[in-house]
Amino acid sequence: MSQKEIDFIPHTPAVLKQIFERRGIAPNKRFGQNFLIDQNILVSIPDIATLKEDDVIMEIGTGTGGLTRLLASRSRHVFTIEVDKKLFELSSDILKLYKNITLINADILKTKHELNPDILSLIHNWIREHSQAQIKVVSNLPYNISTPVIINLLEGDLPISFMVLMLQKEITERMKAIPGTREYGILSVITQLFSEVEVVKTLSPDVFWPRPAVHSALVKVVIHKEKYAGRVTDYPFFGKIIYAIFTSRRKTLMNSLEKLNLPIVSREHLKVIMKEMQLDERIRGESLSVAQLIHLSEAIGKLKNPPDEISNRIKLGKISDVFDQHFIE
Ligand code: SAH
């Protein structure tokens, strides 16, 4: 088959069913395999990602390659990652004539707290060798891993400028949630710390095959690490604070912070900080905005560390390191 013919094959349920049957395989629920079959949405994604010919893209979940080939024909290079060996083989066949696609058969996550380091170094090396400044992430993310993947991508050091993601609708609601709401939690704080999120479209289950049980949404995530994240001098400590707050949502901020067991920081100190921030003593931590959480963490951090240690002390690290598994899910 020529490339033109391959490009022309629409990824409709009938076509996909036939491809799967021929190979004696079936979509695997465990890997969140719901393939995008709505041709209008598929072709709109490169536009939503404002793809240009010098863009480099990372796609998580190649699947049958329906989105991958559209991305490849509009960009410089695509790194696409697929955990399922059978789908990796299938998409390798479908995509074999594209010279600008690197297919990787691996799990994007090493653990819930860490992206696969081999994949990261592969991409890092490529962008260094090709003098690529930034990359874009475009992905129909498998539902079961979207939260840890998003958090790790945001916290990580890949030079990502922009992401276009298809996600379970509830996850996009949590990313955008405002303080004090039920949806506002660790995912909201980390997302808003590093980026700005815009929901482009909500998607009915009918645009996927097999049909998932949930609604989805297509979001644009514009990374702006300098806005908030640049103001946090000690990430691990900031992480501990938000963890303390969101694992005891019904407690007052004061009581949540006491869980941190900071010997030098007394209840009186906390009262002073809260007064200075014009926060009511009975306020719950879950009603603090990202800017307020940063302010709080910086103020407590100053008390916690003797002044001579504060200068030039920028601690980098991963907020997610302090979270339990259940919290990331
Ligand atoms: N992009 C395709 C497929 C989306 S379905 C499309 O839009 O049609 C999600 C894909 O992610 C599946 O192919 C699934 O096998 C893959 N996947 C699931 N978990 C993964 C993981 N941990 N790492 C990499 N790929 C994964």
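Of the GluC sites (Glu not before Pro) in segment 218-288, the ones in a loop by DSSP (not H, G, I, E or B) with at most 14 other beta carbons within 10 Å are Glu226, Glu281.
Which GluC sites (Glu not before Pro) from segment 48-85 combine a DSSP loop assignment with at most 15 other Cβ atoms within 10 Å?
When the GluC sites (Glu not before Pro) of segment 48-85 are filtered for loop state and at most 15 Cβ neighbours within 10 Å, Glu53 remain.
Residues with beta-carbon under 9 Å from that of Val222, excluding Val222: net charge, scoring Lys, Arg +1 and Asp, Glu -1?
It works out to a net charge of -1.
For segment 3-227, a crude dipole built from +1 on the beta carbon of Lys and Arg and -1 on the beta carbon of Asp and Glu, taken about the Cα centre, is about 340 debye to the nearest 20. Projecting the Cα positions of Leu260, Ile127, Gly239 onto the charge dipole of the chain (unit charges on Cβ atoms of Lys, Arg, Asp and Glu, taken about the Cα centre) puts Leu260 furthest along the positive direction.
Distance between the C-alpha centres of segment 35-70 and segment 79-153: 13 Å, rounded to the whole angstrom.
For the pair Ser73 and Ala26 in one chain, pulling the backbone fully straight at 0.36 nm per residue adds 14.2 nm over the alpha carbon distance.
Volume per residue, Å³, of the convex hull around the alpha-carbon atoms of segment 3-227? Show your work: numbers first, answer last.
On the way: hull volume 26.4 nm³, N = 225.
Dividing the Cα hull volume of segment 3-227 by its residue count gives 117 Å³.
Which of the peptides 159-171, 196-208 is most tightly packed, and how do the rest follow, going by the mean number of other Cβ atoms within 10 Å of each residue?
Highest mean packing first, the order is 159-171, 196-208.
Karplus-based coupling profile of segment 103-115, in residue order and whole Hz: 8, 10, 9, 7, 7, 5, 9, 7, 9, 4, 9, 8, 6, with θ = phi - 60° in 6.51 cos²θ - 1.76 cosθ + 1.60 and x standing for Gly or Pro.
The residue list Phe20, Leu218, Ser289 was ranked by how far each Cα lies along the charge dipole of the chain toward its positive end, using unit charges on Cβ atoms, and Ser289 comes out on top.
Throughout, read-outs are computed from the coordinates displayed, never taken from laboratory work. This structure is a prediction, so every number in the text was calculated from the model and none was measured. Here Cβ is always computed from backbone atoms with ideal geometry, including for glycine, and neighbour counts include all displayed protein chains.
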